[in-house]
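A short worksheet on the structure shown next.
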Amino acid sequence: MYDVLPLPTDLDGATQAAPLPAAEHRNTRAVLPLDAWLQPALALPLIEIALDVTIRTRVSVSSPACAVVRGLIGRRLRDLRCLTGAPTCRSCPVAAACDYGRIFDGESPHPFWLQGIPATAELAPGAQLAARLYLAAPAHTVAQYLDVTLRDALRALDPDASLTASTVRCLTLGELMPAAPQPPEDGQLHLRTETPLCLRGDEELCRALSPRVPWLALLARAGIRRLDALVRAFAPPAGGRLPRAELPDLVTVELIRGALSPWSSSRFSHRQHQRMPLEGLQGDAVVDGPDLAALAPLLRALTVTSVGKSTSLGLGTLRVVTP
């Protein structure tokens, strides 16, 4: 497939010959319908560590609570698994063999992500949280340590918190994601953010793809990138790349009720020694359209993987609300 460019003309309007545009590598890949494209991602093996938490003492922190918990997990994992005791991982000669260095301090996508901790700076006594930590293949070998670090991080957040026993499941993404509602809502999807979605993308293109609900196209495209990155990093296909995914038609999708609204906050980065801005979308919305059924499996997969930037911080948690 080639990008189509207009032919240049002379001053009198005559058409000139133009060189053929070079084919971009990304455009030469096969295009698959979304349901077929999803299959390698749904086979991704994951470990889910889950526990319920009841906050007993008021929590007040200077960054979103989910980001604080992620930082506490990292600090505890470093205590448990660092091989040298060096103050940082930079230039460490054994970082590739160190559980902390290869799992927590590596490049994106990280082989772990956090869910169930709010992106608020205040937690009231009695607040109940369903904490979940998901692990991709590189982190499977230290699942027992990450279970400990998650529990210790939550106790550091509130020393009086009540924690249930951890439940550990080893399943594929397809087995972990929620089942399709039966019977399905006619043409409708009810989406809710558990934590804000930090989405990036071509906003003008997304307005063209979904004029009435452009954030839905932004979400779908970000979701495809998220799953593509996870598969290429942790279960690479032959050739290292997936085909391109064909999005269903979103032009006629309408917003029935609710909205996703801008959200902003910041967190302190101990690595960079400064506060880092956080921006995203949060809310609750019902959308309607004849082709949304084809998009639903992608969205249900994203309820497990999270979507957008900063998923390891606990952001990007999406829910598909069932009737």
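Numbers at a glance
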quantity: Unique residue being within 15 Å of Q282 (Cα to Cα) and aliphatic (A, V, I, L, M) when the list is V213, V253; calculated: V213
quantity: Hits in the range 260-292 - residues which are open to solvent by 30 Å² or more (accessible area, probe 1.4 Å) and at positive phi; calculated: H273
quantity: Whichever residue in the range 241-259 is farther than 18 Å from R207 by Cβ and of a type in the set (A, V, I, L, M) and, among such residues, is most open to solvent (accessible area, probe 1.4 Å); calculated: I256
quantity: Exclusive hit being touching a strand residue (DSSP E or B) at 6+ places or on another chain (Cβ under 7 Å), farther than 24 Å from A131 by Cα and of a type outside the set (F, W, Y), set A245, A233; calculated: A245
quantity: Boolean, P109 is within 20 Å of the chain's Cα centre (by Cα), farther than 22 Å from V148 by Cα, modelled with pLDDT of 90 or more and open to solvent by less than 40 Å² (accessible area, probe 1.4 Å); calculated: yes
quantity: Per-region count, the range 112-141, residues touching a Leu at 6+ places or on another chain (Cβ under 6 Å) and surrounded by fewer than 17 Cβ atoms within 10 Å (Cβ to Cβ); calculated: 0
quantity: Hits in the range 41-58 - residues which are among the hydrophobic types (A, V, I, L, M, F, W, C) and open to solvent by 10 Å² or more (accessible area, probe 1.4 Å); calculated: L42, A43, I47, A50
quantity: Number of the condition not met by T84 [criteria: (1) surrounded by fewer than 20 Cβ atoms within 10 Å (Cβ to Cβ); (2) among the polar types (S, T, N, Q); (3) touching an Asp or Glu at 6+ places or on another chain (Cβ under 9 Å)]; calculated: (3)
quantity: Residue selected from the range 204-240 under the condition touching a helix residue (DSSP H, G or I) at 6+ places or on another chain (Cβ under 7 Å) and open to solvent by 80 Å² or more (accessible area, probe 1.4 Å), by the criterion nearest to A43 (Cα to Cα); calculated: R232
quantity: Hey, S261 among the hydroxyl-bearing types (S, T, Y), more than 14 Å from L189 (Cα to Cα) and in contact (Cβ under 8 Å) with a residue 40 or more places away in the chain or not; calculated: no
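The values are calculated or read from the model by the stated rules, or taken from the named source; none is laboratory data. Not measured: the values here are computed from a predicted model. Ideal geometry is used to build each Cβ from the backbone, glycine not excepted, and the neighbour counts take in all protein chains shown. When the accessible area is computed, the model is the full protein with side chains, heavy atoms only, and any ligands, DNA or RNA have been set aside. Shrake-Rupley method; radii C 1.70, N 1.55, O 1.52, S 1.80 Å.
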